[in-house]
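A.B. asks: One structure follows; several queries about it will come next.
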Amino acid sequence: MTGEMLSQLKPGLTREQVIYVMGTPLSPATFNNERWDYIYWSKDPRDNVTEKRVTLFFDGNILSNIEQLPKSSN
């Protein structure tokens, strides 16, 4: 999950456009078809682990909201 990928996410995109940018979510929400979670972990040489999480919310086929943790400083 790169900054370039995240910068391409905008409300109004279709599910197909989101998949083109982000790929298929590995763990779509089981009980909420309107929510997709993307989770990324990285580990540096000092064993510090960083987690990035992006949750996408859809209204039908259209991306309606994006939540990102930790918040990007961009």
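Laboratory data are not the source of any read-out in this text; all were calculated from the coordinates shown. None of these values were measured; they are calculated from a predicted model. When we count neighbours, we look across all protein chains shown, and the Cβ atoms used for this are built from the backbone with ideal geometry, even at glycine.
A.B. asks: How big is the stretch 3-69 in terms of Cα radius of gyration and Dmax, in angstroms?
C.D. replies: Calculated on Cα positions, Rg and Dmax stand at 12.9, 43 Å.
A.B. asks: Say the dipole of the chain comes from +1 at the beta carbon of Lys and Arg and -1 at that of Asp and Glu; which of TRP36, GLY3, PHE58 then lies farthest toward its positive end?
C.D. replies: GLY3
A.B. asks: Then there's this: If packing is taken as the mean number of other Cβ atoms within 10 Å per residue, what is the order of 9-17, 45-53, highest first?
C.D. replies: 9-17, 45-53
A.B. asks: Under a point-charge model restricted to the Cβ atoms of Lys and Arg (+1) and Asp and Glu (-1), what is the dipole moment magnitude of the chain relative to its Cα centre, in debye to the nearest 20?
C.D. replies: Values: 8 positive and 9 negative charges, 23 e Å.
Rounded to the nearest 20 debye, it is 100 debye.
A.B. asks: Report the full-extension gain for the segment ASP44 to ILE66: residue separation times 0.36 nm, less the Cα-Cα distance, to one decimal in nm. Could you put the intermediate results ahead of the total?
C.D. replies: On the way: separation 22, 0.36 × 22 = 7.92 nm, distance 2.69 nm.
Answer, rounded to one decimal: 5.2 nm.
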